[in-house]
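Down below is the structure, laid out as structure tokens.
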Amino acid sequence: MALDVRGLVKRYGRRTALRGVDMRLAPGELVGLLGPNGAGKSTLVKTVCGLVRRSAGDVRVFGVPAGSRAARRSIGYLSETFRYPSWATATELLTLHQRLAGSSGGAEERAGLLERVGLPDAAGLRVEEMSKGMQQRLGLAQALVGSPRLLLLDEPTSALDPVGRRLVRDVLADLRATGVTVLLNSHLLSEVELVCDRVVIIRTGEVVTEGAPHDLARPRGVRVETDRGTRVLDGVGRDDVPALVAKLVADGEQVYGVTPLQSTLEEVYLEAVGGETS
């Protein structure tokens, strides 16, 4: 397992942030971590990084304890609330993180990372000269320093425009293809639905739902378009479509289109968290 979380509990005084969370990520898997504010997502990610000490349970990264030197060498992390020195250039920032990560990639790695996140000409730019979206892409480049095997991303596309979000999706797809495991914490459910192999939804510190997005979706009937208008027929699934079309034709209707409907990830999420706000 790339990440193996078993019975994870975290207490802050009298408040329990995580209540026995179990979660496993296979190598090369891209998993979305979803839940409302206060659900425990950031606490979970920080525990995996070794930034938060667990109260109970076990967390292992590629078989070694989370927080150990060996585990940290395998991890790349982008925090939601990252902040870099305003005076630092992109080159200076990446050089610092290369030293921290023990990477020997040098200038070639830095140039490759900036190219990868769509900032090929930003090496000499100071952070204060960059837009919020550029800073976020620089943060992604920082997380990729040293070619980590497990990437933990906390809201990596929140400040990006559609072009920037597409770029990040492409980067994540490339990483997955090379066997990198990604845990993506995001409120943008449409993005998660597009890129993730599986989602884990937590509420009040507990896992309430998990699975592939298409497996979590439920049938919502069929939309039928005929010469008599468009209507939605409840209680009808994809497997019922051939018989439905035959019946409509037998009843004298001209059928122009039949579309099976399924619940979206947003609907699955709202049902799982009981309508809590994110």
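The values are calculated or read from the model by the stated rules, or taken from the named source; none is laboratory data. Given the structure is predicted, the values throughout are model-derived calculations rather than measurements. Heads up, the Cβs are rebuilt from the backbone with ideal geometry, glycines too, and the neighbour counts pull from every protein chain shown.
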### Query
Only one of 175, 138, 153 is within 23 Å of residue 73 (Cα to Cα), in the same structural domain as residue 104 (by TED's automatic domain parsing), part of a strand (DSSP E or B) and not polar (S, T, N, Q); which?
153
### Query
In region 100-155, which residues are among the basic types (Lys, Arg) and either surrounded by fewer than 19 Cβ atoms within 10 Å (Cβ to Cβ) or within 26 Å of residue 188 (Cβ to Cβ) (or both)?
116, 126, 132, 137, 149
### Query
When residue 46 is evaluated against the numbered criteria (1) under 18 Å from the mean Cα position of the chain (by Cα); (2) among the charged types (D, E, K, R); (3) in a strand (DSSP E or B), which criterion, by number, is the only one it fails?
(3)
### Message
Pairs please, first residue from region 62-84 and in contact (Cβ under 8 Å) with a residue 24 or more places away in the chain and under 14 Å from residue 149 (Cα atoms), second anywhere and of a type in the set (Lys, Arg) and part of a loop (DSSP other than H, G, I, E, B), Cβ atoms under 6 Å, 6+ apart in sequence or on different chains.
### Response
74/149
### Verdict on residue 265 being crowded, with 17+ Cβ neighbours inside 10 Å, farther than 22 Å from residue 156 by Cα and not charged (D, E, K, R)
no
### Summary
For residue 190, the lone unmet condition from (1) within 24 Å of residue 154 (Cα to Cα); (2) over 16 Å from the mean Cα position of the chain (by Cα); (3) modelled with pLDDT under 85 is (2)
### Message
Going through 120, 148 one at a time, which residue ends up being in a loop (DSSP other than H, G, I, E, B), over 23 Å from residue 181 (Cβ atoms) and not polar (S, T, N, Q)?
### Response
120
#### Entry: Meets criteria (free of Cβ contacts under 8 Å to residues at least 12 places away in the same chain and either closer than 19 Å to residue 144 by Cβ or surrounded by 15 or more Cβ atoms within 10 Å (Cβ to Cβ) (or both)) for residue 96
yes
### Query
Given the conditions (1) free of Cβ contacts under 8 Å to residues at least 60 places away in the same chain; (2) part of a helix (DSSP H, G or I); (3) in contact with a Leu (Cβ under 7 Å, 6 or more places away or on another chain), which single one is not true for residue 236?
(2)
### Message
Being in a strand (DSSP E or B), of a type outside the set (Lys, Arg), in contact with a Leu (Cβ under 7 Å, 6 or more places away or on another chain) and without any contact (Cβ under 8 Å) to a residue 60 or more places away in the chain is the requirement here; does residue 224 meet it?
### Response
yes
### Query
Just checking, which of 95, 81 is assigned by TED's automatic domain parsing to the domain that holds residue 153, closer than 30 Å to residue 1 by Cβ and out of contact with any Gly (no Cβ under 8 Å at 6 or more places or on another chain)?
81
### Task
Check region 246-253 and report whether any residue there is within 17 Å of the chain's Cα centre (by Cα) and either outside any helix (DSSP H, G or I) or in the same structural domain as residue 24 (by TED's automatic domain parsing) (or both).
no
